[in-house]
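K.L.:
Just passing along the structure, written as structure tokens.
The values are calculated or read from the model by the stated rules, or taken from the named source; none is laboratory data. All values reported here derive from a predicted model rather than from experimental measurement. Positions of Cβ are generated from backbone atoms using ideal geometry, with glycine treated the same way; all protein chains shown enter the neighbour counts. Surface accessibility is based on the protein's heavy atoms, side chains included, excluding ligands, DNA and RNA. Shrake-Rupley method; radii C 1.70, N 1.55, O 1.52, S 1.80 Å.
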Amino acid sequence: MKKAWYKELSVYQIWPRSFCDGNGDGIGDLKGVLGKLDYIKSLGVDAIWFSPLYASPQKDFGYDISDYRAINPDYGTMEDFKAVLDGAHERGMKVIMDLVINHTSDQHEWFKKSAAGDPKYKDYYIWRPGKGKDGKRPPNNWMATFPGPGWQFNEERGEYYLHLFAVEQPDLNHDNPAVREEVKDIMRFWLGMGVDGFREDVITYISKREGLPNGFPIPIMRGQEHYSPGPNIHKYLLEYRKVAEEFGAVQIGEAPMMTPKNALKYITEGKDQQLDMMFQFQHMSADCIVVSYLPTGFKLRKLKRVFRRWQNKLYGIAWNTNYMENHDQPRVISRFGSEEMRTESGKAIATIYTFLSGTHFVYQGQEIGMLNYPFKSWDDIIDVASYCGKSMMEKTHLFSKKTIFRNCAYASRDNARTPVQWSAEEGAGFTTGTPWFHINPNYTEINAAAEEKDPNSLLNYYRKIIALRKEYKEAAVYGRYKEYLKGSGKLYVYEKIGEDGSRLFVVANMSGKKASAAKVRRIIPEGARRVAGTYDGSLADFMRPYEAHVFVVAPEK
Ligand code: GLC
Ligand code: CA
């Protein structure tokens, strides 16, 4: 397995609006980040990925960009950003920016000029005349990812534009070479400043099939076979790759609906490689049917199957990402663990994914075990995707109002976006002002200050296993994956085997019930050393709920 700096990273993701407010206006900002750099470093992570910091009307909280070269004034200035960049670098941490180029905001200058028919910009977006006698029908039957139609009529231009996300997020036309040059300039702008790489938003969607044919008549994401991926995806990505290579930057592509087989077309190492790694979503369906607003309860076998496939299929030829949360996913303890056994299940979840081969990601608040928000009514929910999910479910006439609310609340991206709970003080230590969004009322108990003081807290456990991942990196980061007891619905047991002969074992009871440890004990070799676990003490005859362990065997001499 080829070694590389980006493979060894543990990355901390910041969703800036809810991370830390430095000026008391209730909105997270760069000054707040600056004050927390030592905290972030204390986790043992090596990089920060910032969800979009750019100027944006915030219809999709920064994923609708109106100026790629400006910092959102709510978050501070370019000087503030440079201070954070320098501060991170001084502490030995890389900085990864979000690159959102499938679409812009409808408030971007390009879109305004495009709508007005300005010759330079008229083909920057995907415009088509309407269909039907009066031209009042959309150009094709495609739907957006945020469920709903994929087209919007624009009065000024008298045509429809394609938007695969919100109405306010028109898709850029990457078939236009001028658009691709703009993208490269944006990349050079940030990389030239010293940024170390990009997380590339829905990057597999940027090429659309010529002629934009109708999609298969399915009720969600209709048309996706024509853009996920489209015919020119590899060509365009190779162009963008060249720019990244000029700077030695890392590229992490977000790739909805990605399978290992298709992923290899982008990330196989070698001269045609277009991305260093991808965020796939398959393991995020371990508690639902395809989409998170159709929950089923957590199914460990499903999770294991996905991890197994990705670990095995990429081994030696391509690279994984490992994550359990991000700004689009509800809190993982509330999904795959148990809120009642927050610390225990949080530790077990942390254990099972940290030692998989791949770059490791932790989302803000995950390390202190933040939970889903107790939404009471639709008044509490602001996420545009939740409202699209609601209207989709309503249209099927299959669900009661109560079920629709319950499912959407469980799935809402808002769960990940409540302010980080730093302390038990008013404002949760997030702000001295009025917070822009609800703070989870559990902040008086669940907060970083309390976790800091408790040696057995989840926070201190994350620190420990992040350090172990590095210490035993031959096995943990680069090792070959070997799984045991695959059929078990309670136990997750795997081994990582380093090329130097080192071995690392992860053993976890992922259920809320006790489980016999007899079979597990036969797997762990004599002389293996226990280096971490949910509870004190080693494996006994029975494993307690969410009991997890990490064992290591030193390399053969
Ligand atoms: C990605 C982002 C998500 C955003 C969407 C549209 O999935 O992670 O937050 O809404 O793309 O940009
Ligand atoms: Ca602020």
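K.L.:
Of the residues that sit in the range 65-76 and are within 22 Å of the chain's Cα centre (by Cα) and part of a strand (DSSP E or B), which one is nearest to ligand 2 (Cβ to nearest atom)?
P.N.:
Selected residue: Ile71.
K.L.:
Just to verify a result, which residue in the range 316-329, among those that are touching a Lys or Arg at 6+ places or on another chain (Cβ under 9 Å) and within 13 Å of ligand 1 (Cβ to nearest atom), is most open to solvent (accessible area, probe 1.4 Å)?
P.N.:
Looking at residues that are touching a Lys or Arg at 6+ places or on another chain (Cβ under 9 Å) and within 13 Å of ligand 1 (Cβ to nearest atom), I get Asp328.
K.L.:
Here are Asp276, Asp272, Asp201: which of them is away from ligand 1 (no atom under 16 Å from the Cβ) and either surrounded by 15 or more Cβ atoms within 10 Å (Cβ to Cβ) or among the polar types (S, T, N, Q) (or both)? Break it down stepwise before answering.
P.N.:
On the way: Asp272 fails: either surrounded by 15 or more Cβ atoms within 10 Å (Cβ to Cβ) or among the polar types (S, T, N, Q) (or both); Asp201 fails: away from ligand 1 (no atom under 16 Å from the Cβ).
Selected residue: Asp276, the only one of Asp276, Asp272, Asp201 that is away from ligand 1 (no atom under 16 Å from the Cβ) and either surrounded by 15 or more Cβ atoms within 10 Å (Cβ to Cβ) or among the polar types (S, T, N, Q) (or both).
K.L.:
Now, a different point. Within the range 334-379, count every residue that is under 18 Å from the mean Cα position of the chain (by Cα) and over 13 Å from Ala548 (Cα atoms).
P.N.:
20
K.L.:
Mind listing whichever residues of the range 266-289 are among the aliphatic types (A, V, I, L, M) and part of a loop (DSSP other than H, G, I, E, B)?
P.N.:
Kept after step one, since they are among the aliphatic types (A, V, I, L, M), are these residues of the range 266-289: 267, 275, 277-278, 284, 286, 289.
If the condition is that a residue be among the aliphatic types (A, V, I, L, M) and part of a loop (DSSP other than H, G, I, E, B), then Leu275, Ala286, Ile289 are the ones that fit.
K.L.:
How many of the residues in the range 1-27 are within 16 Å of ligand 2 (Cβ to nearest atom) and among the acidic types (Asp, Glu)? Even if it seems obvious, please write down each step before you answer.
P.N.:
Within the range 1-27, the subset within 16 Å of ligand 2 (Cβ to nearest atom) is 14-27.
Among the residues that remain, those that are also among the acidic types (Asp, Glu) are: 21, 25.
Within the range 1-27, residues that are within 16 Å of ligand 2 (Cβ to nearest atom) and among the acidic types (Asp, Glu) number 2.
K.L.:
Hey, another quick one. So Leu275 fits all but one of (1) touching a residue at least 60 places away in the same chain (Cβ under 8 Å); (2) closer than 30 Å to Glu339 by Cβ; what number is the exception?
P.N.:
(2)
K.L.:
Applying the selection to the range 29-52, what residues are small (Gly, Ala, Ser), away from ligand 1 (no atom under 16 Å from the Cβ), touching a strand residue (DSSP E or B) at 6+ places or on another chain (Cβ under 9 Å) and within 28 Å of Ser66 (Cα to Cα)?
P.N.:
Restricting attention to the range 29-52, the residues satisfying the condition of being small (Gly, Ala, Ser) are 32, 35, 42, 44, 47, 51.
Next, only the ones that are away from ligand 1 (no atom under 16 Å from the Cβ) stay: 32, 35, 42, 44, 47.
Filter once more, keeping what is touching a strand residue (DSSP E or B) at 6+ places or on another chain (Cβ under 9 Å): 44, 47.
The answer is Ala47, and nothing else.
K.L.:
Just one of Leu34, Leu30, Leu43, Leu53 is under 17 Å from Gly87 (Cα atoms) and either polar (S, T, N, Q) or within 11 Å of ligand 2 (Cβ to nearest atom) (or both); which is it? Spell out the reasoning first.
P.N.:
Numbers: Leu34 fails: either polar (S, T, N, Q) or within 11 Å of ligand 2 (Cβ to nearest atom) (or both); Leu43 fails: either polar (S, T, N, Q) or within 11 Å of ligand 2 (Cβ to nearest atom) (or both); Leu53 fails: either polar (S, T, N, Q) or within 11 Å of ligand 2 (Cβ to nearest atom) (or both).
Every option except Leu30 fails the conditions.
K.L.:
Among the numbered conditions (1) in contact (Cβ under 8 Å) with a residue 24 or more places away in the chain; (2) open to solvent by 20 Å² or more (accessible area, probe 1.4 Å); (3) assigned to a helix (DSSP H, G or I); (4) not hydrophobic (A, V, I, L, M, F, W, C), tell me where Glu168 comes up short.
P.N.:
Unmet for Glu168, out of (1) in contact (Cβ under 8 Å) with a residue 24 or more places away in the chain; (2) open to solvent by 20 Å² or more (accessible area, probe 1.4 Å); (3) assigned to a helix (DSSP H, G or I); (4) not hydrophobic (A, V, I, L, M, F, W, C): (3).
K.L.:
Among the residues of the range 77-96, are any assigned to a loop (DSSP other than H, G, I, E, B), open to solvent by less than 60 Å² (accessible area, probe 1.4 Å), of a type outside the set (Asp, Glu) and more than 14 Å from Leu53 (Cα to Cα)?
P.N.:
As a first pass, look at the range 77-96 and keep what is assigned to a loop (DSSP other than H, G, I, E, B): 77, 91-93.
If we keep only those that are open to solvent by less than 60 Å² (accessible area, probe 1.4 Å) too, we end up with 92-93.
Narrowing further to those that are of a type outside the set (Asp, Glu): 92-93.
Add one more test, that the residue is more than 14 Å from Leu53 (Cα to Cα), and what stays is 92-93.
Within the range 77-96, one or more residues are assigned to a loop (DSSP other than H, G, I, E, B), open to solvent by less than 60 Å² (accessible area, probe 1.4 Å), of a type outside the set (Asp, Glu) and more than 14 Å from Leu53 (Cα to Cα).
K.L.:
Looking at (1) of a type outside the set (Asp, Glu); (2) surrounded by fewer than 23 Cβ atoms within 10 Å (Cβ to Cβ); (3) in a strand (DSSP E or B), can you tell me which one Val11 breaks?
P.N.:
The number of the failed condition is (2).
K.L.:
So, in the range 103-153, how many residues would count as being assigned to a strand (DSSP E or B) and open to solvent by 80 Å² or more (accessible area, probe 1.4 Å)?
P.N.:
Residues of the range 103-153 that are assigned to a strand (DSSP E or B), as a first pass: 103, 125, 127-128, 131, 137, 143, 149, 151-153.
If we keep only those that are open to solvent by 80 Å² or more (accessible area, probe 1.4 Å) as well, we get 128, 131, 137, 149.
Going through the range 103-153 one residue at a time, the tally reaches 4.
K.L.:
Evaluate the following for Gly62: is it in a loop (DSSP other than H, G, I, E, B) and of a type outside the set (Val, Ile, Thr)? Walk me through it before giving the result.
P.N.:
Values: in a loop (DSSP other than H, G, I, E, B): yes; of a type outside the set (Val, Ile, Thr): yes.
Taking the combined requirement at face value, the residue satisfies it.
K.L.:
Same structure, new question: Would you call Glu452 in contact with a helix residue (DSSP H, G or I) (Cβ under 7 Å, 6 or more places away or on another chain) and of a type in the set (D, E, K, R)? Steps first, please.
P.N.:
Numbers: in contact with a helix residue (DSSP H, G or I) (Cβ under 7 Å, 6 or more places away or on another chain): yes; of a type in the set (D, E, K, R): yes.
Yes: the conditions hold for Glu452.
K.L.:
How many residues does the range 58-76 hold that are within 16 Å of ligand 1 (Cβ to nearest atom) and open to solvent by less than 50 Å² (accessible area, probe 1.4 Å)?
P.N.:
10
K.L.:
Kindly provide the set of residues from the range 183-199 that are within 14 Å of Tyr240 (Cα to Cα) and touching a helix residue (DSSP H, G or I) at 6+ places or on another chain (Cβ under 8 Å), ordered by number.
P.N.:
Just the residues of the range 183-199 that are within 14 Å of Tyr240 (Cα to Cα), to begin with: 183-191, 197-199.
Listed by number, the residues that qualify are Val183, Lys184, Met187, Arg188, Leu191, Gly197, Phe198.
K.L.:
Take the residues in the range 1-28 that are charged (D, E, K, R) and away from ligand 1 (no atom under 16 Å from the Cβ), then tell me which one is nearest to Tyr54 (Cα to Cα). Write out each step before concluding.
P.N.:
Step one: list which residues in the range 1-28 are charged (D, E, K, R), which gives 2-3, 7-8, 17, 21, 25.
Next, only the ones that are away from ligand 1 (no atom under 16 Å from the Cβ) stay: 2-3, 7-8, 21, 25.
Numbers: Lys2: 35, Lys3: 33, Lys7: 27, Glu8: 28, Asp21: 17, Asp25: 18 Å.
Here the residue is Asp21.
K.L.:
Suppose we keep only residues that are among the aliphatic types (A, V, I, L, M) and in a loop (DSSP other than H, G, I, E, B) within the range 483-517. Which one would you say is farthest from Val531 (Cα to Cα)? Give the steps one after another, and end with the answer.
P.N.:
Just the residues of the range 483-517 that are among the aliphatic types (A, V, I, L, M), to begin with: 485, 491, 493, 497, 504, 506-508, 510, 515, 517.
Going one step further and asking which of them are in a loop (DSSP other than H, G, I, E, B), we end up with 485, 510, 517.
On the way: Leu485: 22, Met510: 19, Ala517: 18 Å.
Looking at the filtered set, the residue picked out is Leu485.
Rundown of residues vs (1) open to solvent by less than 10 Å² (accessible area, probe 1.4 Å); (2) in a strand (DSSP E or B), yes/no style:
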{"site": "Ser334", "(1), (2)": "no, no"}
{"site": "Phe361", "(1), (2)": "yes, yes"}
{"site": "Glu367", "(1), (2)": "yes, no"}
{"site": "Leu371", "(1), (2)": "no, no"}
{"site": "Phe375", "(1), (2)": "no, no"}
